[in-house]
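Only the coordinates and a few stated rules stand behind these numbers; no lab work does. What you are looking at is a predicted structure, and each value in this text was computed from that prediction instead of being measured. Cβ sites come from the backbone with ideal geometry, for glycine too, and all protein chains shown count toward neighbours.
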Amino acid sequence: MDVAPQTTDYTKKTEKKDKKINLKFQHDKDREPVRGIFRFCECPGTMLQFVYRAYKEDDVERFDLQDGNVYTIPLGVARHLNKSGRYPIHAFKVNDDGTTSQHVGKKVARYGFQSLEFVDISDVGATGSDGIIEVTEVI
């Protein structure tokens, strides 16, 4: 006979408090300033203008970034630029049984932020005009 673990009000309150602490930690980390170079691969030499707000307690901020200039921006904004500034190019591959399936062939960078202070393992290769190529089969 299986008995489901019981959750008490105490454990729910503790989990909620832990989530708040983790969110506060992530918010503080995302607000740390980083220095780097903005690259606008899609339109070299021009300016990208956007507004950004990650957390509801933050104010909406406007950013005007010129290609090739050095800026000090919050870490969360730098991550946003590196993760949102790519679009996929889809491709088809033929499986062993002769059917075709669609997959992302490569991702092309529109813009990115190259930091002069930090290297985040998850962001390596996130910027550049060549994009990311996914190897699906080695012959």
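Observations on the structure shown:
- Volume per residue that the Cα convex hull of segment 45-106 spans, once the total is divided by residue count, Å³: 140
- Theoretical FRET efficiency, 1/(1+(r/R0)^6), r = Cβ-Cβ of GLN49 and LEU116, R0 25 Å, to 0.05: 0.65
- In this rough spin-label picture, where each label sits 7 Å from Cα along the Cβ direction, the LYS56-ALA91 distance is 4.3 nm.
- Ordering 61-68, 36-43, 91-98 by mean Cβ neighbour count within 10 Å, with the highest value first, yields 36-43, 61-68, 91-98.
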